[in-house]
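A.B. asks: Here it is, the structure, as structure tokens.
Read the figures in this text as sums done on the coordinates, not as results from a lab. These numbers were taken from a predicted model, which means no experiment stands behind them. Every residue, glycine as well, gets a Cβ built from its backbone with ideal geometry; the counts of neighbours run over all protein chains shown.
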Amino acid sequence: MALDARALAALAANPGCKRRAILDGAGVDKAALAGALGSPSAFGQSQFALTRGNAFEAKVKADGGAELLRLVHERLDPAAPPPVDASAPELAAIGPEGRTARTALALREATAATGGWTLLDHPMLALDVAGSAAFLEPDAVVVHPDGSWTVVEIKSFPMLDGSADPAKVGAAARQAAVYVLALEEVAARLDPPPRVRHRVLLVCPKDFSNLPTASAVDVRKQRAVTSRQLSRLTRVQDIADALPDGVCFSPELPVEQLTAAVESVAATYAPDCLAACELAFHCRDRSRAAGAVTSLGRSVRAELGALTTVDDVLAAARGEAGDPRDPAVAALRRAAWLRAEALDAAAPRAESPDAPWTGRTPAAGAVPACR
Ligand code: SF4
């Protein structure tokens, strides 16, 4: 399954989206697909950012990871002996399954040899996601002298005066939570199972320099949310079975054919997609064209209950549709009445705010401007 931790974290943030699940599961290049659909993505890392990130990671891991281990010791385990003569096992093997098995063996050996530090550089972990194995490659995993394990995430965004952009830290924490879940599956197969620490180490450039600094990030909440959401994902095979015959997502196809293929899989667009999925502009346009209230945000969608389109909402506010006993309908009518009254203060209404709006006074256009 062509999923990495970033994709899994994004999937977990929108577990109801079958479109993303099938495209990720099939390994479709969503950025290329978005471009072919005529809605190029503004999401993803630039080549410059990737190059800078790789250079920074190499600097952090230089000299056998001495600086990285120093930061882990300082921020997460200062009572342990300092990390001198740490081991760094070779993890090369053929194929992702081979690398996963090699990583599990290295973790078991490092945990059994308590008393020292071990750095696993780019280990390979596997996580069962909706019935398929996803292979994940954290930047590093450190085994502490007490046998516990820590996930290390190395990012190229700066940490200014000890704090970084909360949105970027949040995304890194969600990604690290996926690694923690995968590590816990490895740990569960050992006897006794070692402790997988829920405080991960986030390493970033310090201020505007290229010097590494680090912060411990508690990912318990992200781990719990991700675990729950991943368990709710529909099996990719079940989604594929429901597709019409001959559906293909190749960006080489004519745009009409490609659009029909993409639209044949249900999507649950929300504004959060803009920061997490390459297809966001395409799905936003479709969602707006359908008048879906989810395009206004999940909280708005939740408040509106059974009213799923903007037309339904406007009709309910006008008193043309909707059950007045429905709290959402009652609130909409009251809001429409208050707004109309405010706009028409010179002509006081005789009607109660709880009565359906008759359209007599104020003017028919005086309803909430949801669009
Ligand atoms: S942008 Fe579209 S495909 Fe991507 S997660 Fe959102 S709704 Fe799903």
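A.B. asks: Which entries of K61/K168; K61/K206; K168/K221; K30/K221; K168/K206; K61/K155 have Cα-Cα distances beyond 20 Å here?
C.D. replies: Beyond 20 Å: K61/K168; K30/K221.
A.B. asks: Once fully extended, how much extra length lies between A101 and E137, figured as 0.36 nm per residue of separation less the alpha-carbon to alpha-carbon distance?
C.D. replies: Fully extending the segment from A101 to E137 adds 11.7 nm.
A.B. asks: Roughly how big is the stretch 60-232's charge dipole about its Cα centre, with Cβ charges of +1 (Lys, Arg) and -1 (Asp, Glu), in debye to the nearest 20?
C.D. replies: Computed charge dipole of the stretch 60-232: roughly 620 debye.
A.B. asks: To the nearest 0.05, how large is the calculated FRET efficiency for L50 and D165 if R₀ is 22 Å and r is the Cβ-Cβ distance?
C.D. replies: After rounding to 0.05, the efficiency reads 0.75.
A.B. asks: Set Lys and Arg Cβ to +1 and Asp and Glu Cβ to -1, take the dipole of the stretch 144-263 about its Cα centre, and tell me which of I154, L243, V219 lies farthest positive.
C.D. replies: It is V219, whose Cα lies furthest towards the positive end.
A.B. asks: Still on this model: I'd like the distance between the alpha-carbon centres of the stretch 65-144 and the stretch 265-304, rounded to an integer number of Å.
C.D. replies: So the separation of the two Cα centres works out to 39 Å.
A.B. asks: Show me, for the stretch 241-247, the HN-Hα J-couplings you get by feeding each phi into the Karplus relation (A = 6.51, B = -1.76, C = 1.60, θ = phi - 60°), rounded to Hz, glycine and proline as x.
C.D. replies: For the stretch 241-247, the Karplus-derived couplings read 5, 8, 6, x, 4, x, 5 Hz, x marking Gly and Pro.
A.B. asks: At 7 Å along Cα-to-Cβ for each site, give me the label-to-label distance between D323 and E256 in nm.
C.D. replies: It works out to 4.4 nm between the two label points.
A.B. asks: Taking N as the number of residues in the stretch 60-232, what value does Rg over Cα atoms divided by 2.2 N^0.38 Å take?
C.D. replies: Values: Rg = 15.5 Å, N = 173, 2.2 N^0.38 = 15.6 Å.
Compared with the compact-globule rule of thumb, the stretch 60-232 sits at 1.00.
A.B. asks: Moving to a separate point now. Around L23, what is the net charge, scoring Lys/Arg as +1 and Asp/Glu as -1 over all other residues with Cβ under 11 Å from its Cβ?
C.D. replies: Once all neighbours under 11 Å are counted, the net charge is +1.
A.B. asks: Where nothing but the Cβ of Lys and Arg (+1) and of Asp and Glu (-1) is charged, how large is the charge dipole of the stretch 154-245 around its Cα centre, in debye to the nearest 20?
C.D. replies: 360 debye
A.B. asks: Right, here's the next one. All other residues with a Cβ under 12 Å from the Cβ of A101 taken together, and with Lys, Arg as +1 and Asp, Glu as -1, what is their net charge?
C.D. replies: Once all neighbours under 12 Å are counted, the net charge is +3.
A.B. asks: Using the beta-carbon distance between T234 and L338 and R0 = 35 Å, what value does 1/(1 + (r/R0)^6) give for FRET efficiency, to the nearest 0.05?
C.D. replies: That pair, T234 with L338, gives E of 0.25.
A.B. asks: What translational diffusion coefficient, in µm²/s and rounded to a whole number, does the Stokes-Einstein relation yield for the chain at 25 °C and a viscosity of 0.890 mPa s, taking the hydrodynamic radius as the Kirkwood radius over Cα pairs?
C.D. replies: Estimated diffusion coefficient is 103 µm²/s.
A.B. asks: If you take the charge dipole of the stretch 1-78 about its Cα centre, with +1 on Lys and Arg Cβ and -1 on Asp and Glu Cβ, which of A66, I22, F48 is farthest toward its positive end?
C.D. replies: I22
A.B. asks: Please name whichever of A292, S209, L343 sits farthest to the positive end of the charge dipole of the chain, dipole taken about the Cα centre and charges placed at Cβ: Lys and Arg +1, Asp and Glu -1.
C.D. replies: L343
A.B. asks: Further question on the same structure: Straight-line reach only, C-alpha to C-alpha below 14 angstrom: list the aspartates and glutamates that K18 could link to, leaving out same-chain residues fewer than 8 apart.
C.D. replies: Candidates past the 8-residue exclusion: D238, D241, E263.
A.B. asks: Please compute the modelled spin-label separation between I94 and A302, points set 7 Å along Cα→Cβ, answer in nm with one decimal.
C.D. replies: Using points 7 Å along Cα→Cβ, the separation is 5.1 nm.
A.B. asks: So how strong a dipole does the chain carry about its Cα centre when Lys and Arg Cβ are +1 and Asp and Glu Cβ are -1, to the nearest 20 debye?
C.D. replies: 780 debye
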